[in-house]
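The values are calculated or read from the model by the stated rules, or taken from the named source; none is laboratory data. Note that the structure is a prediction, hence the values are computed from the model and not measured. Cβ sites come from the backbone with ideal geometry, for glycine too, and all protein chains shown count toward neighbours. What goes into the accessible areas is simple: the full protein's heavy atoms, side chains included, and nothing from ligands, DNA or RNA. Shrake-Rupley method; radii C 1.70, N 1.55, O 1.52, S 1.80 Å.
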Protein chains: 2
Amino acid sequence: MSGISLYYWPSLQGRGEFVRLALEDSGTEYVDEARHHGWDAIRPLLDGKHPGTRPFAPPILVIDGQQIAQTAAILHHLAPRLGLIPPDDQARLIALQHQLTVADLVAEVHETHHPVGTGLYYEDQRDEAQRRSASFRRDRMPKFLRYFEDVVQKGGGHAVSGEHTYVDLSLAQVMLGLAYAFPNAFAAFEPQVPGLRALRDRVVARPRISAYLASPRRLPFNEDGIFRHYPELDDDPADG
Amino acid sequence: MSGISLYYWPSLQGRGEFVRLALEDSGTEYVDEARHHGWDAIRPLLDGKHPGTRPFAPPILVIDGQQIAQTAAILHHLAPRLGLIPPDDQARLIALQHQLTVADLVAEVHETHHPVGTGLYYEDQRDEAQRRSASFRRDRMPKFLRYFEDVVQKGGGHAVSGEHTYVDLSLAQVMLGLAYAFPNAFAAFEPQVPGLRALRDRVVARPRISAYLASPRRLPFNEDGIFRHYPELDDDPADG
């Protein structure tokens, strides 16, 4: 069968959103399995009950009966078929490199609210989260965004090959997520990355993305996802 | 020119070691630039002074005049040429997925000693590091290693396609690194992953790897790298 199924936690954007944006932007039909059947739909895949390479964690894409995990690997495999990367090896490699740097940034965003451990509640690591968030807002967010600003400036407004690719979709999502999680810090910094702002604005104005963002398929940002808004993490702690 | 140059911090194994192991195992000639010329050799690449895609961070490989960053992207590009992955797309995709899960594990190891921020000294985040390490030793390390044990058991002792690939080299490095960083916790857990132990033993006995590990090119593990041994992070804190 040629259907495409996405398996991801049904109540948050998370890393699955980078895959959803590629599917939506390209007008690809897909089934968001756990949104329809609950996250029990994911369990057999994680338990290795499906043929093929067992995934460590969602998102998982099933395409042509093959399951693939790891966001950047999914996009690397899927994007040529969706027309979201030129089919040459060189462009695909550059896109993979950039998507992995996006993944590093996303992982550091997750660490801002869970520095002591993913298995613990946020409330039990709030003090540490404030320290981690302060260094993220001050050092890491500017470093990552200035880097991508340079990439996009040199790429004629795009991350790869002067063309619209899945990396642009991911960068737009990062800009939206940071604005949600750290509204004060992001608003203060945003003027320094005009190329990324323009890229984001162009992406959200694309007809299929615009329709998707207005649809119930787009979950709102919330405090179960990667980009979480805790006001105390957007302000300098008293001892900061 | 057809030479291969690796750019990585000259005084630690870090993420560069996953690339070094692939180069060494395949008997590929390469220049470890910063080991010869100091880390000033890396600066122009990070500053975007070289043609091609600017890297965000080392390791950076320059091959055929092209620069590539991100460990998993480097290995994805390099491995077919080194004979460290079957050349078919399917095997390459599975290897990429596994290498990204190795990268996730490695990132979590780094977080055990720098949970509050990479820009701060370890000594200024020791308490938080103890909490993070406790959850890593108790939950995350076992989860990752049990997952890869299952992968290797199903793969006839290998991660991909029942064949020796760069992913096996990376898994062996992870086993060595965890044993260095968390000797007590790792020794207690290791009997649960016999397939990974056998894989590690087989990798370190490979003639070129064995020679490399005994050479001055192999830097020792140390407290500047990713796998660091701080005794207090290998024992339960008093309040754990």
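Observations, loosely collected:
- The stretch between A:R217 and A:K49, if pulled fully straight at 0.36 nm per residue, gains 57.7 nm over its current Cα-Cα span.
- A:S11 versus B:Q90: modelled label distance in nm, points set 7 Å from Cα along the beta carbon direction: 3.9 nm
- Rounded to the nearest 500, the 222 nm mean residue ellipticity of chain B from helices alone is -15500 deg cm²/dmol, with -39,500 (n - 2.57) taken per DSSP H run of at least 4 residues.
- Inter-copy label distances for B:A214: 7.1 nm (label point placed 7 Å from Cα along Cα→Cβ; shortest first).
- Prolate/oblate/rounded label for the protein assembly as shown (Cα gyration tensor, a/c 1.5): rounded
- Taking a span of 30 Å or more along the helix axis (Cα atoms) and a mean Kyte-Doolittle hydropathy of at least -1.0 as the rule, the DSSP H helices of chain A that qualify are A:89-113.
- Segment B:169-196 versus segment A:144-190: alpha-carbon centroid distance in Å: 38 Å
- Local charge for B:H77 was computed over the other residues whose Cβ lies under 14 Å away, with Lys and Arg +1 and Asp and Glu -1, and equals -1.
- Local electrostatic count at B:V102 - Lys and Arg +1, Asp and Glu -1, tallied over other residues with Cβ under 13 Å: -3
- Dipole of segment B:1-160, positive end: most advanced residue of B:M141, B:G16, B:A57 [Cβ charges, Cα centre]: B:M141
- Three-way shape call for segment A:1-155 based on the alpha-carbon gyration tensor, with the a/c threshold at 1.5: oblate
- Among A:L213, A:A72, A:G27 - extreme Cα towards positive end, dipole of chain A, charges at beta-carbon: A:G27
- The GNM of chain A, with springs linking C-alpha atoms under 10 angstrom apart, assigns the highest mean-square fluctuation among A:F186, A:F18, A:F56 to A:F56.
- Dipole magnitude for chain A: about 540 debye, using +1 per Lys or Arg Cβ and -1 per Asp or Glu Cβ, origin at the Cα centre.
- Extension gain for B:H37-B:D224 works out to 65.4 nm (0.36 nm per residue, less the C-alpha to C-alpha distance).
- Within segment A:150-183, backbone nitrogen closer than 17 Å to the virtual label 7 Å beyond the Cα of A:V204 toward Cβ: A:168-183
- Whole-percent carbon and sulfur share, accessible surface of the protein assembly as shown, 1.4 Å: 50 percent
- Mean-position separation - Cα centroids, segment A:60-94 and segment B:1-38, in angstrom: 28 Å
- Taking Cα centre as origin and charging only the Cβ of basic (Lys, Arg, +1) and acidic (Asp, Glu, -1) residues, the dipole magnitude of segment B:5-102 rounds to 260 debye.
- Cβ neighbours within 10 Å from other chains - mean over B:128-140: 4
- Max mean-square fluctuation residue, GNM over chain A, Cα-Cα springs under 10 Å, options A:G225, A:G195, A:G52: A:G52
- Check: segment B:48-178 dipole with +1 on Lys, Arg Cβ and -1 on Asp, Glu Cβ, in debye: 100 debye
- When chains B and A come together, the accessible area they lose, probed at 1.4 Å and totalled over both chains, is close to 3800 Å².
- Excluding same-chain neighbours fewer than eight residues apart, the aspartates and glutamates reachable from A:K49 by a Cα-Cα span under 15 Å are A:D40, B:D150.
- Shape class for segment B:100-240, computed from the alpha carbon gyration tensor (a ≥ b ≥ c): prolate, with a/c not under 1.5 and a/b above b/c.
- GNM result for chain A, Cα springs below 10 Å: residue of A:P55, A:P142, A:P216 fluctuating most strongly: A:P216
- Sorted from shortest to longest, the distances between the A:H229 label points of this copy and the other copies are 4.8 nm, with each point 7 Å from Cα along the line through the beta carbon.
- Relative contact order for chain B, counting Cα pairs under 8 Å that sit 6 or more residues apart, in percent: 22 percent
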